[in-house]
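Novice: Have a look at the structure that comes next, please.
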Amino acid sequence: MHSTWKSLKPYVLVTPQTLVLLMFLVFPILMIGVVSFWQFNGYSMVPAFSFENYKGIFTSEVSVRTYLNTFKYVFLVWCFCLAIAFPVAYFLAFHIKNDRLQIILFLICTVPFWTSNIIRMISWIPVLGKEGLINQFLLATGLVQQPVEWLLYSDFAIVLGMVHLYNFFMIAPIFNSLMRIDRNLITAALDMGASGFQVLKEVILPLAAPGIAIGSIFVVTLVMGEYITVRLMGGGQAASVGKLISTQIGSLQYPLAAANAVILLLVTLVLVMAILRVVDIRKEL
């Protein structure tokens, strides 16, 4: 009896987590996949097995442009997040010697998370608007004769808002990777005559690659499904797949929204798998 319980104990312990995973993750995704093959007759869903929703997505010029626009946001936000996050993480890891100050500065990076995403987006309006602080400064200094309109409700504003929201998700894993680097490796490289750039290229960047990959996965997955920032910062003039799905749900086109959700999930998984093929992140986990 004792040996039987000992063999069954691991399965009993993992059962609650497995049930929660199946109920709240696997089952909803399967239902979305099933509904994506249903049809919408104008006022209700009709259970069926039809590829019309997927065919409509791939043959619609609006849908294709929306996906391309989303990929554009993903690429731009990833580039800017990496360009900002790596120098910040590098500074914290290698130039701040005091551990307490290092922790304090790292926690300062989390300040934007003390408020909701919507409030953080709305806070940009008094800064970027036609009568905002930037335009007032430009007009007062005579650099422009009329307010700059592309600062708000534009792709610039959308990318700025997303970088503001998700930059910390890139800083944290890179900082973690840099803190794990053995400083003796850097000292040895310098003693052998390597320049600062060579140390960065040959030692620091390869060892920081897993952190960059983890941060990239966070940023890519978050931006792919983003729609609140696109709606608020784009002023209804920009489109993303997340916003498209939200609009379709609002108009009760659940099968079409489910089909877009399935495609978005598959594309996101492909991007994540591509990142994992390039960099092995197991050493960071």
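The values are calculated or read from the model by the stated rules, or taken from the named source; none is laboratory data. Because the structure is predicted, anything quoted here is derived from the model rather than measured. With ideal geometry, Cβ positions are generated from the backbone for all residues, glycine too; neighbour counts draw on all protein chains shown.
Novice: What number goes with the only condition from (1) farther than 20 Å from LEU165 by Cα; (2) within 23 Å of the chain's Cα centre (by Cα) that ASN135 does not pass?
Specialist: ASN135 satisfies every listed condition except (2).
Novice: What helices (runs of 4 or more DSSP H), lying completely within region 157-215, carry at least 1 residues that are among the hydroxyl-bearing types (Ser, Thr, Tyr) and in contact (Cβ under 8 Å) with a residue 60 or more places away in the chain?
Specialist: Where helices (runs of 4 or more DSSP H) fall fully within region 157-215 and carry at least 1 residues being among the hydroxyl-bearing types (Ser, Thr, Tyr) and in contact (Cβ under 8 Å) with a residue 60 or more places away in the chain, they are 168-180.
Novice: Okay, moving on. Which ones in region 109-156 are in contact (Cβ under 8 Å) with a residue 40 or more places away in the chain and assigned to a loop (DSSP other than H, G, I, E, B)?
Specialist: Passing the criteria: CYS109, THR110, TRP124, LEU152, TYR153, SER154.
Novice: Given (1) under 27 Å from ASN176 (Cα atoms); (2) part of a helix (DSSP H, G or I), where does LEU264 come up short, assuming only one miss?
Specialist: Failing condition for LEU264: (1).
Novice: Might you check whether a residue that is among the aromatic types (Phe, Trp, Tyr), at pLDDT 85 or above, within 22 Å of GLY234 (Cα to Cα) and surrounded by 11 or more Cβ atoms within 10 Å (Cβ to Cβ) occurs anywhere in region 110-133?
Specialist: yes
Novice: Would you be able to say whether some residue in region 12-30 is surrounded by 10 or more Cβ atoms within 10 Å (Cβ to Cβ), in contact (Cβ under 8 Å) with a residue 12 or more places away in the chain and in a helix (DSSP H, G or I)?
Specialist: Checked region 12-30: at least one residue is surrounded by 10 or more Cβ atoms within 10 Å (Cβ to Cβ), in contact (Cβ under 8 Å) with a residue 12 or more places away in the chain and in a helix (DSSP H, G or I).
Novice: For region 216-230, which positions are outside any loop (DSSP other than H, G, I, E, B) and either surrounded by fewer than 21 Cβ atoms within 10 Å (Cβ to Cβ) or among the aliphatic types (A, V, I, L, M) (or both)?
Specialist: ILE217, PHE218, VAL219, VAL220, THR221, LEU222, VAL223, MET224, ILE228, VAL230
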